[in-house]
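Rule-based calculations on the coordinates, nothing more; no lab input. Since this is a predicted model, take the numbers as computed values, not measurements. Ideal geometry is used to build each Cβ from the backbone, glycine not excepted, and the neighbour counts take in all protein chains shown.
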Amino acid sequence: MKTGNWLIALAGLVLTLGGITARASEEAPAPDMETQTFGAWTMRCVTQEGAVPPCDIGQAVTNRDTGQTVMRVSFAYLADKGQYAVQILLPLGFLIPSGVLVRIEEGPDITDWPVTRCGPQGCLVEKLVAADVLDPFRAHDKGSVAVLDVQGKPIAFPLSLTGFTKAMDAMTARNKAE
């Protein structure tokens, strides 16, 4: 299925899937890390001197049945570049050439965030973006990250945007101050 076709097929896909839930990361923080929760987002800040960037915000999507993390999304403001680093960790087993679709409810679809590498834990989407690229995340409550499985069927991981603006503003201010 060509990229354009699966994007159209995905248009009607429901943003939430049974058994999968988006939430602020509940991983135990490292001793040299402080965390703060904003809705579905967790801001993590490294307290060691010289960490660049010192803080990021993230959200994990887990399978309710197994408790396994199936997707993790994080954003960090890079003060020296004036841009945001986006990182999405996805599970292995999807068609990379089809790409990744980030859909924000009633907002524009993002289709130009490529998979940059895969490793034992999964595949990563990594990109530097300007602040205005993230405006749709600030203006809506829900989104999803979608890929095609090896049979060409869409899989959508829900993305809660509850608390995103407060988390992003707190993280950006903290990274600018460091």
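For labels at LYS127 and ASP149 in the simple 7 Å Cα→Cβ model, what's the distance in nm?
Here the modelled spin labels are 2.5 nm apart.
Sum up the charges of everything whose Cβ sits under 15 Å from the Cβ of LEU128, counting Lys and Arg as +1 and Asp and Glu as -1, but leave LEU128 out.
-3
For every other residue with a beta carbon closer than 14 angstrom to the beta carbon of MET168, add +1 if it is Lys or Arg and -1 if Asp or Glu, then tell me the sum.
Spelling it out: positives minus negatives among the neighbours equals +1.
Length gain on complete extension for the stretch ASP135 to THR162, per 0.36 nm per residue less the alpha carbon to alpha carbon distance?
8.3 nm
Among the GluC sites (Glu not before Pro) within the range 71-149, which fall in a DSSP loop and have no more than 12 other Cβ atoms within 10 Å of their own Cβ?
In loop regions of the range 71-149 (DSSP not H, G, I, E or B), the sparsely surrounded GluC sites (Glu not before Pro) are GLU106.
Give me the extension gain from CYS118 to LYS176: residue separation times 0.36 nm, minus the current Cα-Cα distance, reported in nm with one decimal.
Gain on extension, CYS118 to LYS176, equals 17.8 nm.
Rounded to whole Å and sorted largest first, what semi-axes of the equivalent ellipsoid does the C-alpha gyration tensor of the range 97-138 yield via the square root of 5 times each eigenvalue?
22, 12, 9
Sorted by mean Cβ packing within 10 Å, highest first, what order do the peptides 90-100, 128-138 take?
Top of the packing list down: 90-100, 128-138.
Kirkwood hydrodynamic radius, computed over distinct alpha-carbon pairs, for the range 73-178: how many Å, to one decimal?
14.6 Å
What is the calculated FRET efficiency for THR47 to ASP109, with r their C-beta to C-beta distance and R₀ = 25 Å, to the nearest 0.05?
0.10
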